[in-house]
Amino acid sequence: MTTILDIQDLSVSLPPGGDREFAIEEVSLTVDSCEIVCVVGESGSGKSVTAFSVMGLLDRRALNPVAGTIRLADKDLLTIDDRTLRQLRGERVSMIFQEPMTALNPVMRVGDQIAETLEIHTGLSSTQRHARVLQALADVQLPDPKSLAISYPHQLSGGQRQRIMIAMALILEPKLLIADEPTTALDVTTQAKILALIKQLQSSRGMGVLFITHDFGVVAEIADRVIVMQNGRIVEQGQVDHLLNAPKHPYTRLLIDAVPSMTPPERRHSNDKEALAANRIHKIYGKSGWFGRGRVVHAAQDISLTLRRGETLGIVGESGSGKSTVARCIMRLIDPTSGEILIDSIDIAALRQSELRRFRHQIQIIFQDPYRSLNPRRTVGDSIVEGPMNFGVAAVEAWERARELMETVGLSAESLSRFPHQFSGGQRQRICIARALAMKPRILIADEAVSALDVSVQAQVLDLLDDVRQEFQLAMLFITHDLRVAAQICDRIMVMQDGQLVERGSTATVYANPQQQYTRELLAAAPGRRKFPQKVG
Amino acid sequence: MLNYIAVRILSTVPVMGIVALFVFILLRLAPGDPAAVIAGDYATAEDVERIRQQLGLTDPLLIQFFRWLGDILQGDLGTSIFSNKPVTVLIAQRLEPTLLLALTTIIFSILVAVPLGTIAAYRSGSAIDRLAMLFSVGGFSIPVFVLGYILIYVFSMQLKLLPVQGYKSPFTEGIGPFLSHIALPTLTLSVIFIALISRMTRASVTEVLEEDYIRTARAKGQSELRILLRHALRNAAVPIVTVIGIGIALLIGGVVVTESVFNIPGLGRLVLDAVLARDYPIIQGLILFFSFVYIFVNLIIDLCYTLLDPRIKY
Amino acid sequence: MSGEAAAARSDPAPLRIFLSHPGVLFGGMTLAGIVLLTGIGPVFATDPVSINPLNRLKPPGAGGFFGTDMLGRDVFSRVLNGGRMSLTVGLAVAFLSVTIGLTLGLIAGYIRSLDAVIMRVMDGLMSIPAILLAIAMIALSGATLTTVIVAIVIPEIPRVVRLVRSVVLTVREEPYVEAAIAAGTRTFQIMRRHILPNTVAPLIVQATYICGSAMLLEAILGFLGAGIPPEIPSWGNIMAEGRTYFQLTPWIIFFPGLALALAVLAVNFIGDGLRDTLDPRIARTMR
C-alpha cells in the first residue's frame, strides 16, 4: 500500500462577507492505493470543496486555496502549472460527479465523450480509440457497447449515464478516483448496483478512491476509512467499523444516530373514521398527438387507497413510480383521468375548480423543495394567513392562530414578519407545516417533505410531522423514496412501481416479510442495511 | 421526423394568414380613401369612382379579402397602380441588391459577432469583455442612417477610399466594383446585427460555461480552447441561431434605411417609393413578401435545431 | 446547498448597487443633462423656426454652436427642441406597449383557451418588420404624433407579451403558487399576489429598452419622411432635412444624430444597470 494522495493543512478561503472565512480549514488527509476513503458531512461541511481542490476545479472567483499542500504523484497540485495539471487530470486522477445527466455533454455521443479522454492523453488512432471505448463500456457492465457508444446521454437511464461517467473516468486507469456523491441522484436499486461496481473496479485495479457522501448508509456500504467533516473542518477519522460502532466526536454520534432505522417501530392500528378514500385513480399523460398517435404515459394506474384520521399512510417508490402523481391527483393539483376521490362521500375528483374551492381547506400539502414553497416576496406571516383569510377568517384571528402555530412548529412568533430567505431549509419546512395547519385540514400530504433536508434536520422535521399528526388527529399521506424514513413514520405502506401498486400492508409486515420480488429488491438495496439493522427508532 | 416537418410547415399557415389579414385590414381601415389618393388632387368624383371600381373597393370587405388571398395563393401580389407592372415582377427586378446586401451583412456579422461574444463570455469581466459589451450597447443606440453618413463622411469624403453611393452588380459589373460599393452599406447594417448576435453569444456561452459538463471536460484534462470550441459553442448554438432568425426582422428594417442612405436600387427603395406615391398594391405586396421571408427563414432555422441538439426530437 | 448554517443571509441593498453601477451613473447623468437641456434650454436659445436666409448653411461656430441649416435656422436650438419630441415618443411607447403587452401576456399565460389565439396573432405581428409596418401605417393614416406612437407601439407589443407569458408559465409551476391554489386562493388573487410581482422587474428593464428603440424608430421614420409632420423640429425631421446638403453641411445630420445616439445610449445603459441589479437571471432571456 502506497500513499497516492496526501493533503496537508489545506485551507480554502471564501469570498469576504460570508458567514465564515474559510470553506475548509486545515484539512489533512491521505488516500492509499487499494482503499476507499469516505468523506462524510452535511451540506456546507466543505466535503465537496475538498474534492474539487484536488482536481483544481474550484471556482476561482469564489474559492481560493490559501494554505497547505496537495501531493499527488510527487507533485504539489497547488503549485504546478496549468499544463501539468491538465496532464494529470484524466490520466492520474479522475472524477465522477453527482448528477450524471448534467455532467455529460448533451449534444455529443457518449462514445465520443469517452474517446475524448484518449484523444487528449494518448496518441491512439481513432480505430484504436474506438476499440478501447468499447472495452471500457464492457468493463462497466453496460450491455451492447456498440450501440451504446453512439447514443446521446438523454437516451440513457440515470444508472447507465453514471456507468458512462465511470467508464470515462477510468479509461486511462488512474491511480486515484474522486467520486462526489456519485449515487445521490440515483434510485436506490441503481445506487446499490453503482456502489458495487465502484467497489469491484477499485479492488480489481488497486485504485484509491476518495468518496464524498452525506449518507452514512453509503459509508457503511463502501468505505474502508471514514473522515467526518463539519463546518469546513475534519472532526473525526478512522477505520469504518471502528468509527460506526464507537464514534468519539459528538457530531459523528449525532449524524449516526440521525440515520433512521430500517426496522419499523411498533405502531398502533388505527380504527378511526375514514378521512379519505380514493378509488381506481388513473392518470394518463400526453393523450394524443396531432395525428392521434402521440406517446402515452400511464403515470398512475388503478390506484385505490383509504386514509383514516390519525394514521400515516406511506407511498414509497423510485422516480417515475407515480407516487407523486397520486398525491397531486388527490390534491386536485392535477386532474385524474378517471377514478373517484371521496371526502365525506362527495367525489371531489368530479368537481369543477369553482366547486372544489370549499374542499381545499380539508387537504393540505407540504412540498419537497423548501426554497420554492414559499413566495420569496411575501412575509411568512402573509403566507400563513393567506389560506384562512380566503375562507373568511378575520385577520386578527388568522394572525393570532399563525402566532400559535409558529410556536407549535418550534419557531418564534416574532419571525412571522420575516421573509423566507432569512430562514434555513429546515425552518422553511416548519413554516410550510404551519401554513398547512393554519387551514385546520383533516388530511395532510407530505410529498417528499424531508428529502431535501440534511439528515440531522430531517429527523427533527419527521418528529414534528409525527407530533402534529397526533395532536391534530390528521390523516397523513406520506410520499417518499426513502425506505428508512418510511419505516419510521408510516403506519401502513404502499409500494409503487411504474404507475402500479406492487404491494401494500402494515409497515412492520411489509418490511419483515415482503411478498413481492420488487419490494424485496427495494429493501435489500437500502444502503448500510447490514450495518444499521436494529437501531432503536 | 417527416411527420414533424409537415406539422411545422403547416403551423406557419395560420401565422401567414394572420399576417395577410393584418396587412389587409391595415390598408383598408386606414382613414383616407385609397382611390382618392391615387386619383390625385385634381381628380373629379367620377375619376375616383372609376378607380374604386377598378380596385374592387366597392365589394364587401370579406369578398375583397378572399379575392386578394386567392390571388396571393396563385402567386399574384397585385399590380402597381402607377407603373402598371405586376408587383412580383417589380420585386424580382429589385431583389438582387437587397438579397446580396443581406447576405454580406449576415456573413460578416456572424464572423465578427460569434468570436467576439465567445471571448467576452470566456474572459467575463475583463477589458475585452467590457469593450465588446460597450460596442454592443453602442450598436443598439446609434441610428442606422447616422452611422451610414458617418461612414460615408470618413471613408468616402475624407479618406476617399470608397465610393459615396450606388450599387454595382457582381454579375454584370464584376466583383471588384460590387465589393467596393457594398462595403460601407454592409458595415452600416452589420453594426446593430453584430451587437445583437454578440450579446446573445456572450449570454449563451456564459450560461453554458457554468454547466457541469464543462467541469467534466476540465476533469478529463481538456484544454480551454477545445472546451470552448467543442463543448461550449456547440451547446450555446441554439439560442444564437434563434436570435439570428429573429434578427432577420431587424435586418429587413435596416435594409430599407441603408438602401435609402446609400442610394441602392433594392427592395427597400421600392418600399419607400411606393409609400411616398401611396402605391397600395406594392406596399401590401412588399410587406407580405418580407413577412413571408421572415417566417420562411425562421422555419428553416427551427428545422435545423435537430442538427444542433439531438435532444430536440420530432 | 445551504443548510441551517446559511440561515441568516443579509439583504443586499439593491438601490445602492444600482446607483453605483458605472453604466447607470453615466446613463443617468447624460439623460438628466439631455432632459434639462431640452426642457429649459429652448428658453435661452434662439427661435428654432425663425428663418434667416442670409445666414444659410453656416458651419458650427460661425452660425451658433451647431451651425445653421438651409433656411438659416439655428441647428442648436432646433436640436434642443427636437429632443422633447423624441423623449415624448420614447416614454409614451414604453408605457403603452408595456401596459398592453402585460395585459395580453397575463391572459395568454393563464387562460389556456386564449393562449394559442393570442400567441399566433403575436407571431404574425412579429413577422412583419417593424419599420415597414410603421411607415405603411403612417403613410396611410397621415403623419401625426398619435399615429407615429401607435405605429411604433404595435410592433413592440409581441415582445412584451412573450416575456410576460413566459414569466407567468414559469411562476405558475412554482410550489408556492400550488400551495396558494391548495389554500383556496382565487385565480385573480393568485395573479395579483404571486404572479404579477414577478413580472415587474423584467418589465421595467424591458420598458427601458423599448423606450430606447422607440426613440430610434421615431428618428428613422422622420428621416425616411414618414414621421411626425416635417414642420415640427424632431431629431428625425432635422436630419431628414439635412440629407440633401449632407456633402456640403454634414453637421446638420451629425449633431442631432449625436444627441439622439447619446440619449438612447443613456437609456440603454440605465436598462443594463436595472437588469444587472434587479435580476441577473433575466438578463439572458432578453435582447
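The values are calculated or read from the model by the stated rules, or taken from the named source; none is laboratory data. No experiment lies behind these values; they were computed from the predicted model shown. Here the Cβ is made from the backbone with ideal geometry for all residues, glycine too, and neighbour counts use every protein chain on show.
Quickly run through the range A:21-54 and pick out the residues that are assigned to a loop (DSSP other than H, G, I, E, B), under 26 Å from the mean Cα position of the chain (by Cα) and within 14 Å of chain C (Cβ to nearest Cβ).
If the condition is that a residue be assigned to a loop (DSSP other than H, G, I, E, B), under 26 Å from the mean Cα position of the chain (by Cα) and within 14 Å of chain C (Cβ to nearest Cβ), then A:Gly41, A:Glu42, A:Ser43, A:Gly44, A:Ser45, A:Gly46 are the ones that fit.
When both residues are 6+ apart or on different chains and their Cβ atoms are under 8 Å apart, which pairs have a first residue that lies in the range B:272-294 and is within 7 Å of chain C (Cβ to nearest Cβ), and a second that is polar (S, T, N, Q)?
Pairs found: B:Leu272/B:Ser260; B:Ser291/C:Ser127; B:Tyr294/C:Ser127.
Considering only the range A:172-189, I want to know if a residue exists there that is of a type in the set (S, T, N, Q), in contact (Cβ under 8 Å) with a residue 12 or more places away in the chain and in a loop (DSSP other than H, G, I, E, B).
The answer is yes, given that some residue of the range A:172-189 is of a type in the set (S, T, N, Q), in contact (Cβ under 8 Å) with a residue 12 or more places away in the chain and in a loop (DSSP other than H, G, I, E, B).
So in the range C:246-260, with the set limited to residues that are buried (at least 22 other Cβ atoms within 10 Å of the Cβ) and within 7 Å of chain B (Cβ to nearest Cβ), which one is farthest from C:Leu216 (Cα to Cα)?
C:Ile253
Those residues that are within 12 Å of chain C (Cβ to nearest Cβ), assigned to a helix (DSSP H, G or I) and under 17 Å from A:Pro376 (Cβ atoms), I need them from the range A:408-429; list them, please.
Scanning the range A:408-429 gives A:Ser415, A:Pro420, A:His421, A:Gln422, A:Gly425, A:Gln427, A:Arg428, A:Gln429.
Just to verify a result, which residue in the range A:369-378, among those that are at the interface with chain C (Cβ under 8 Å from one of its Cβ atoms) and under 22 Å from A:Ser324 (Cβ atoms), is surrounded by the most Cβ atoms within 10 Å (Cβ to Cβ)?
A:Leu374
Each row is one residue, and each column tells you yes or no for (1) among the hydrophobic types (A, V, I, L, M, F, W, C); (2) touching a strand residue (DSSP E or B) at 6+ places or on another chain (Cβ under 7 Å).
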site	(1), (2)
A:Thr2	no, yes
A:Ser11	no, yes
A:Thr50	no, yes
A:Asp59	no, no
A:Ser94	no, yes
A:Phe97	yes, yes
A:Met108	yes, no
A:Glu119	no, no
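Is there a residue being surrounded by 24 or more Cβ atoms within 10 Å (Cβ to Cβ) and in contact with a Lys or Arg (Cβ under 6 Å, 6 or more places away or on another chain) anywhere in the range C:235-242?
Yes: the range C:235-242 contains one or more residues that are surrounded by 24 or more Cβ atoms within 10 Å (Cβ to Cβ) and in contact with a Lys or Arg (Cβ under 6 Å, 6 or more places away or on another chain).
Mind listing whichever residues of the range B:216-231 are facing chain A (nearest Cβ under 7 Å) and either touching a residue at least 40 places away in the same chain (Cβ under 8 Å) or surrounded by 20 or more Cβ atoms within 10 Å (Cβ to Cβ) (or both)?
Residues satisfying the conditions are B:Thr216, B:Arg218, B:Ala219, B:Lys220, B:Gly221, B:Gln222, B:His231.
Among the residues of the range A:378-399, write down those that are touching a Leu at 6+ places or on another chain (Cβ under 6 Å) and among the hydroxyl-bearing types (Ser, Thr, Tyr).
Result: A:Ser383, single match.
Looking at (1) more than 11 Å from the chain's Cα centre (by Cα); (2) surrounded by 17 or more Cβ atoms within 10 Å (Cβ to Cβ); (3) more than 11 Å from chain C (Cβ to nearest Cβ), which is the only condition B:Arg311 fails?
With (1) more than 11 Å from the chain's Cα centre (by Cα); (2) surrounded by 17 or more Cβ atoms within 10 Å (Cβ to Cβ); (3) more than 11 Å from chain C (Cβ to nearest Cβ) applied to B:Arg311, the lone miss is (2).
Considering only the range C:108-124, state which residues are aliphatic (A, V, I, L, M) and within 7 Å of chain B (Cβ to nearest Cβ).
Residue satisfying the conditions is C:Val121 alone.
What do you reckon, is A:Val235 of a type outside the set (D, E, K, R), touching a residue at least 12 places away in the same chain (Cβ under 8 Å) and touching a strand residue (DSSP E or B) at 6+ places or on another chain (Cβ under 8 Å)?
Yes, satisfied.
Inspect the range A:495-502 for any residue being surrounded by fewer than 20 Cβ atoms within 10 Å (Cβ to Cβ), over 19 Å from the mean Cα position of the chain (by Cα) and more than 21 Å from A:Val316 (Cβ to Cβ) and give the result as yes or no.
Taking every residue of the range A:495-502 in turn, none turns out to be surrounded by fewer than 20 Cβ atoms within 10 Å (Cβ to Cβ), over 19 Å from the mean Cα position of the chain (by Cα) and more than 21 Å from A:Val316 (Cβ to Cβ).
Picking from B:Thr88, B:Thr105, B:Thr12, B:Thr44, which residue would you name as being more than 28 Å from C:Thr147 (Cα to Cα) and modelled with pLDDT under 80?
After ruling out the rest, the residue left standing is B:Thr44.
Hand me the list of helices (runs of 4 or more DSSP H) wholly inside the range B:200-314 holding 1 or more residues that are modelled with pLDDT of 90 or more and closer than 30 Å to C:Gly242 by Cβ.
Because the criterion is at least 1 residues that are modelled with pLDDT of 90 or more and closer than 30 Å to C:Gly242 by Cβ, the helices (runs of 4 or more DSSP H) in the range B:200-314 that meet it are B:233-262, B:267-277, B:280-308.
If a residue has to be surrounded by fewer than 21 Cβ atoms within 10 Å (Cβ to Cβ) and assigned to a helix (DSSP H, G or I) to count, how many in the range A:382-397 make the cut?
Looking only at that region, the number is 6.
Would you please name the residue that is surrounded by the most Cβ atoms within 10 Å (Cβ to Cβ), looking only at residues in the range A:445-476 that are over 22 Å from the mean Cα position of the chain (by Cα) and not in a helix (DSSP H, G or I)?
Of everything passing the filter in the range A:445-476, A:Ala475 is surrounded by the most Cβ atoms within 10 Å (Cβ to Cβ).
Name the residue, out of A:Leu356, A:Leu405, that is more than 9 Å from every other protein chain (Cβ to nearest Cβ) and farther than 30 Å from C:Val200 by Cα.
Result of the check over A:Leu356, A:Leu405: A:Leu405.
Assigned by TED's automatic domain parsing to the domain that holds B:Ala274, at negative phi and surrounded by fewer than 13 Cβ atoms within 10 Å (Cβ to Cβ): does that describe B:Leu101?
Considered against the rule, which asks whether it is assigned by TED's automatic domain parsing to the domain that holds B:Ala274, at negative phi and surrounded by fewer than 13 Cβ atoms within 10 Å (Cβ to Cβ), B:Leu101 comes out as no.
Within the range B:113-138, work out how many residues are among the β-branched types (Val, Ile, Thr) and under 17 Å from B:Gly245 (Cα atoms).
Qualifying residue count for the region: 1.
Of the residues that sit in the range B:118-142 and are away from chain C (no Cβ under 13 Å) and β-branched (Val, Ile, Thr), which one is surrounded by the fewest Cβ atoms within 10 Å (Cβ to Cβ)?
B:Ile128
Which strands (runs of 3 or more DSSP E) does the range A:199-311 wholly contain that include 1 or more residues that are buried (at least 20 other Cβ atoms within 10 Å of the Cβ) and outside the structural domain of A:Ala179 (by TED's automatic domain parsing)?
A:274-285, A:297-308
Does the range A:439-496 hold any residues that are closer than 27 Å to A:Ser43 by Cα and of a type in the set (Asp, Glu), and which are they?
Answer for the range A:439-496, where residues must be closer than 27 Å to A:Ser43 by Cα and of a type in the set (Asp, Glu): A:Asp447, A:Glu448, A:Asp454, A:Asp463, A:Asp466, A:Asp467, A:Asp482.
Condition first: assigned by TED's automatic domain parsing to the domain that holds A:Leu501, out of contact with any His (no Cβ under 9 Å at 6 or more places or on another chain) and either hydroxyl-bearing (Ser, Thr, Tyr) or assigned to a helix (DSSP H, G or I) (or both). Can you find one or more residues in the range A:332-342 that meet it?
No; the residues of the range A:332-342 include none that is assigned by TED's automatic domain parsing to the domain that holds A:Leu501, out of contact with any His (no Cβ under 9 Å at 6 or more places or on another chain) and either hydroxyl-bearing (Ser, Thr, Tyr) or assigned to a helix (DSSP H, G or I) (or both).
Which condition number in (1) free of Cβ contacts under 8 Å to residues at least 12 places away in the same chain; (2) more than 14 Å from chain C (Cβ to nearest Cβ) is the one that B:Ser169 fails?
Only one criterion in (1) free of Cβ contacts under 8 Å to residues at least 12 places away in the same chain; (2) more than 14 Å from chain C (Cβ to nearest Cβ) is unmet by B:Ser169, namely (1).
Okay, residues lined up against (1) in contact (Cβ under 8 Å) with a residue 24 or more places away in the chain; (2) within 11 Å of another protein chain (Cβ to nearest Cβ):
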position: A:Gly320; (1), (2): yes, no
position: A:Ala327; (1), (2): yes, no
position: A:Gly339; (1), (2): yes, no
position: A:Ser345; (1), (2): no, no
position: A:Arg360; (1), (2): yes, yes
